[in-house]
Amino acid sequence: MSVTAQVPVEKLTVKKSIANSSVLRVLRFSLKRLLTLFVTVVIGIYLTILIANMGGFVDEIIKGQIRDTVTQRVANNPNALQMEPELRKKLIEDQIALEEKRRGLNTPIAVRNFRYLSNALQLDLGRAINLTSDSGSKQVRLILLERLPATLLLMGTSQLFLFFSSIFIALSLSRKYGSFWDKLVIALSPTSAVPPWFYGIFLILIFSAALKILPFGGMVDSPPPPNTFDYSMSVLKHLTLPCLALILSSFFLSVYNYRTFFLIYSSEDYVDMAKAKGLPARDIERTYILRPTLPTIITNFSLLIITLWTGALFTETVFLWPGLGRTLFQAIGQYDTPIIVGSSIIFAYMLAMTVFLLDFVYALVDPRVKIGG
């Protein structure tokens, strides 16, 4: 065989070796990252169970409620009143023990916590203790799914508008560093320290109580309009104030953060070189400023998408918005552990998968990133 024929064969062998090495590196990285994320999810959910149950204090509250309910039921039973005091007392204790067994409170707390954890990891969310769905079901899955559309409407509208408007305005301000609008955004950025529910109270006082042009709360008029168009207009009217509160609470700080980020990248040497070559400003922004910032922008957008699931606890409560945030707030107030754990496990899984996928997205949008490197 000639020397010229051996060279391509050697090159092909080297390419195959590099390809095999890359595949093994990616597989090794993926397995390691998935295992790490799974362990993190398990620890996070177990801590959530411990906190939601307050180390067993919630069990004592539930046992007290069971005792009060059973005692009251027996006291209102005419047949029980005719019993001897000892028999009546035994009847109460037997019914209490039966109810505690039905709820699993006779099992040690450590065993129940691990059972909660195992079920949660399998997305077996179980039944709520106090809350019910509109159809009367206590299934946690149905309760969460029933509240999900309202939260996605509120959080999706406000957060997506906030995200895209912040980037657009920040990019515009980075071109006009030191202008009046740039200084105004910097001056107003501390207003984001105020939580959205606080803005919500003021908006209700102004537009609902004083001007009487927008509703105080809820998602739709009561009774709901019969046709689709009027129903949509009613939802839009109720959506205005909570959306405005969520946007106002983060708008100026979000614009300021992105504006500063774009300014840092626009001062790089390669940007000055591109300007010296006479490249158009739009091409410089798209190729030399926006492209290097894509990993951060994609990260922020991905985390924004999964936070839509959690809702806004206090803002939804202030506006009586029937979403997941208000449901979680009610569950915390009523010690409804299954609702708290169910919401947390879904968010944990979404966060873990997002973090895992982002590593691959970074490698696609930024050639400097190497998976497993």
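Laboratory data are not the source of any read-out in this text; all were calculated from the coordinates shown. Remember, predicted model here, so these are calculated numbers, not experimental data. Note that we place each Cβ from the backbone using ideal geometry, even for glycine, and neighbour counts take in every protein chain shown.
Things worth noting here:
- Each peptide among 110-120, 181-191 gets the average number of other Cβ atoms lying within 10 Å of its residues, and from highest to lowest they stand as 110-120, 181-191.
- Matching the structure-derived Cα extents along the principal axes in Å against the labelled list (1) 105, 75, 40; (2) 105, 47, 36; (3) 81, 51, 44 gives the label (1).
- Fully extended contour minus Cα-Cα distance, from TRP181 to PHE161, at 0.36 nm per residue: 5.2 nm
- Net charge of neighbours whose Cβ lies under 13 Å from the Cβ of ALA312, counting Lys and Arg as +1 and Asp and Glu as -1: +1
- Residues whose placed amide H lies under 5 Å from that of GLY218, excluding near-sequence neighbours: LEU320, TRP321
- Neighbourhood charge, 13 Å Cβ-Cβ cut-off, centred on PRO215 and excluding it, Lys, Arg +1 and Asp, Glu -1: +1
- Protection-proxy order for peptides 349-359, 157-167, each taking the mean of Cβ atoms within 10 Å per residue, highest first: 157-167, 349-359
- Site pair SER22 and PHE314 shows an inter-label distance of 5.0 nm when each label is modelled 7 Å from Cα along Cα→Cβ.
- Of LYS63/LYS90; LYS183/LYS212; LYS183/LYS275, pairs whose Cα-Cα distance is over 23 Å: LYS183/LYS212; LYS183/LYS275
- FRET efficiency, LEU81 to ILE61 (Cβ-Cβ, R0 22 Å, nearest 0.05): 0.20
- Sorted peptide list for 245-253, 233-241, 172-180, criterion being average Cβ within 10 angstrom, highest first: 245-253, 233-241, 172-180
- The phi torsions of segment 40-46, fed into the Karplus equation with coefficients 6.51, -1.76 and 1.60 and a -60° offset, translate into couplings of 5, 4, 4, 5, x, 5, 5 Hz, rounded to whole numbers, with Gly and Pro shown as x.
- Per the Kirkwood formula applied to alpha carbons, segment 314-373 shows a radius of gyration over Rh ratio, Rg over Rh, of 1.27.
- Per-q log10 I(q)/I(0), segment 16-121, q = 0.12, 0.13, 0.16 Å⁻¹ (Debye; single scatterer per alpha-carbon; no solvent): -0.62, -0.68, -0.82
- FRET E, pair LEU47, SER172, Förster distance 45 Å, beta-carbon r, rounded to 0.05: 0.55
- Sequence-distant residues sharing a close amide H with ARG127 (under 5 Å, placed H): VAL140
- Solvent-free Debye calculation, one equal scatterer per alpha-carbon of segment 80-191: log10 I(q)/I(0) at 0.10 Å⁻¹ equals -0.66.
- Per-residue HN-Hα couplings for segment 313-325 [Karplus 6.51, -1.76, 1.60; θ = phi - 60°; Hz; x = Gly/Pro]: 4, 6, 5, 5, 5, 4, 8, 6, 7, x, x, 5, x
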